[in-house]
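Beneath this line is the structure, given in structure tokens, with notes to follow.
The values are calculated or read from the model by the stated rules, or taken from the named source; none is laboratory data. All values derive from a computational prediction rather than experimental measurement. Note that we place each Cβ from the backbone using ideal geometry, even for glycine, and neighbour counts take in every protein chain shown. Accessible surface is based on the protein model in full, side chains and every heavy atom, while ligands, DNA and RNA are left aside. Shrake-Rupley method; radii C 1.70, N 1.55, O 1.52, S 1.80 Å.
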Amino acid sequence: MNASAELKAWGISIRDQFASPAEVGRLKKCANDRRSRGEFAAARVGARASAQRREEVRGDFTCWLREPFHEAESALLVRLEDLRLECNREAYLGLFEPELHYSLYPPGAAYARHVDQAQGTTQRKVSLVLYLNEGWEPGDGGVLRMHEANTGVLDIEPLGGRLVCFLTSGREHEVLPARRDRLSISGWFRARE
């Protein structure tokens, strides 16, 4: 079953090895380059005008994926565009564009239980996370915990190359504390409001 069929049937898709180890390495290098140029900033919570840093809620650092793109980032965007088109063709999701950022959780950082859809908006339709963690072990923490209405919780290890997609609306999830740096490209496929 492909990702769009899984989204349609279950609201979630997990694709191991969506990115090869070599692709993960190249994207990690892109993130490190952006970090060395000072493009990462402490993540904030709340609306734009009143956004604030609250590490007890969210302790990661983010870097929005914007031009100029590195070659590995451009290649990933092409693959994600193929996925977007597949989701529109097979699951009729009406996805229009991606909104993506790097997300770095240093040791001890987490993200409390939340939904990705800001109150009063409906643009974010499918949430995406591509993990860029090489050699991740279960004891390293940083699990994505999905809160499922009927089945309790689903814990997803942040293994390098794994792509997790889920329908955004109402889907509560959290990131458990990491014990080492945890890196991903996260974001959404958006629809027009």
| task | Please give the contour-minus-distance gain from Leu154 to Gln17: 0.36 nm per residue of separation, less the Cα-Cα distance, rounded to one decimal in nm. | result | 47.4 nm
| said: Of the candidates Val175, Val24, Val115, which one comes out as most mobile in a Gaussian network treatment of the chain with C-alpha springs shorter than 10 Å? | reply: Val115
| task | Would you grab the residues whose amide H sits under 5 Å from the one on Arg171? Only those 5+ places off in sequence or on another chain, please, with H modelled 1.01 Å from N. | result | Asp116
| note | Most fluctuating of Pro138, Pro106, Pro177 in the GNM of the chain (C-alpha, under 10 Å) is Pro138
| field | Accessible surface ranking that places the most exposed of Arg58, Arg180, Arg89 first, with a 1.4 angstrom probe | value | Arg89, Arg180, Arg58
| message | Using a 7 Å offset from the Cα along the Cα-to-Cβ direction at both Trp10 and Arg180, what is the distance between the two label points in nm, to one decimal? | response | 2.8
| remark: Answer in debye to the nearest 20: the dipole magnitude of the stretch 134-193 about its Cα centre, from +1 Lys/Arg and -1 Asp/Glu charges placed on Cβ, is 220
| request: Return a whole-number percent for the relative contact order of the chain, with Cα pairs under 8 Å and 6 or more residues apart as the contact set. | output: 30
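Based on Cβ point charges of +1 for Lys and Arg and -1 for Asp and Glu, what charge dipole magnitude is obtained for the stretch 53-187 about its Cα centre, in debye rounded to the nearest 20?
Charge dipole of the stretch 53-187: 340 debye, to the nearest 20.
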| message | For Arg34, Arg179, Arg171, give me the order by solvent-accessible area with a 1.4 Å probe, most accessible first, ignoring ligands, DNA and RNA. | response | Arg179, Arg171, Arg34
| note | Of the residues Gly59, Gly11, Ala31, the Cα lying farthest along the dipole of the chain towards its positive end, which is defined by charges on the beta carbon of Lys, Arg, Asp and Glu, belongs to Gly59
| said: Residues of the stretch 1-43 with backbone nitrogen within less than 15 Å of a virtual label 7 Å along the Cα-to-Cβ line of Tyr92, please, listed as ranges. | reply: 5, 8-9
| request: Sort all Cα-Cα distances of the stretch 92-193 into consecutive 5 angstrom bins from zero, then give the percent of pairs in each bin up to the one containing the longest distance. | output: 3, 13, 22, 25, 18, 13, 5, 2, 0
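Let me have the 222 nm mean residue ellipticity of the chain computed from DSSP H runs of 4+ only, each contributing -39500 (n - 2.57), with the sum over all residues rounded to the nearest 500.
-7500 deg cm²/dmol
Using only the heavy atoms of the protein chains and a 1.4 Å probe, how would Trp64, Trp10 rank by accessible area, largest first? Kindly include the intermediate steps, with their values, before the conclusion.
Working: Trp64 90, Trp10 155 Å².
Per-residue accessible area, sorted high to low, gives Trp10, Trp64.
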